[in-house]
1. Can you tell me which of (1) open to solvent by less than 30 Å² (accessible area, probe 1.4 Å); (2) closer than 16 Å to residue 26 by Cβ is the one residue 138 doesn't meet?
2. Tally time: how many residues in the range 115-125 are within 16 Å of residue 146 (Cβ to Cβ) and surrounded by fewer than 16 Cβ atoms within 10 Å (Cβ to Cβ)?
3. Scan the range 1-27 residue by residue and report those that are surrounded by fewer than 18 Cβ atoms within 10 Å (Cβ to Cβ), of a type in the set (Lys, Arg) and under 12 Å from residue 77 (Cα atoms).
4. Yes or no: residue 166 crowded, with 16+ Cβ neighbours inside 10 Å, without any contact (Cβ under 8 Å) to a residue 60 or more places away in the chain, among the hydrophobic types (A, V, I, L, M, F, W, C) and not in a loop (DSSP other than H, G, I, E, B)?
5. For the range 28-69, what are the residues that are touching a helix residue (DSSP H, G or I) at 6+ places or on another chain (Cβ under 6 Å) and either open to solvent by less than 40 Å² (accessible area, probe 1.4 Å) or at pLDDT 95 or above (or both)?
Amino acid sequence: MEWFNVGRIVNTHGIRGEVRVLSTTDFEEERFAVGNRLAAFKKDDKKPTWVTIESIRRHKNFILLTFEGMDNINMVEPFKEGLLKVTKDQMTDDLLQENEFFFHEIIGCEIVSEEGEKIGVVSDILQTGANDVWVVKGAKKEHYIPYIEDIVKEINVDDKRIVIHVMDGLL
């Protein structure tokens, strides 16, 4: 089965079964909605425990979740430093609008200039509010490429290749 990370459980929170999650997903509102099922992988475990989100709230840069049937710290403690994942079947294209992509489709793509110069590979995506910013690992340093129409000219997720316009000061 193909799995996609949506969050990392960094710690527990309080004694009533909340976990502190650092989101690693696109579409947070849909992934972490009350009633959604996620696969929780304990730190060194290969087999998931299926959990259903009972409540969600934000606290600083984290998402605090509780799971149905897990109402105390002892029940969620084993998930500390684990991962929350979804299956490929849960990654439905109806969430995407025109010119939107899932994170896993962009991460790993090679970035090249319009002239064909290799710039690097997308290693992470930062969500800034105005637009996403792609972290690109180059041969010598990291670059931060904003996902805006003036810069990103062509995206081919099948070939894992993205063509950008290099403006002055971008690299």
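The values are calculated or read from the model by the stated rules, or taken from the named source; none is laboratory data. Since the structure is predicted, the reported quantities are computational estimates derived from the model, not experimental observations. Every residue, glycine among them, receives a Cβ derived from its backbone with ideal geometry; neighbour counts consider all protein chains shown. For the accessible areas, the whole protein counts, side chains as well, though only heavy atoms, and no ligand, DNA or RNA atoms are used. Shrake-Rupley method; radii C 1.70, N 1.55, O 1.52, S 1.80 Å.
1. Among (1) open to solvent by less than 30 Å² (accessible area, probe 1.4 Å); (2) closer than 16 Å to residue 26 by Cβ, the lone unmet condition for residue 138 is (2).
2. Going residue by residue through the range 115-125, those that are within 16 Å of residue 146 (Cβ to Cβ) are 119-120, 122-125.
Remaining after also requiring surrounded by fewer than 16 Cβ atoms within 10 Å (Cβ to Cβ): 123-124.
Counting residues in the range 115-125 that are within 16 Å of residue 146 (Cβ to Cβ) and surrounded by fewer than 16 Cβ atoms within 10 Å (Cβ to Cβ) gives 2.
3. The answer is 16, and nothing else.
4. no
5. Matches in the range 28-69: 40 only.
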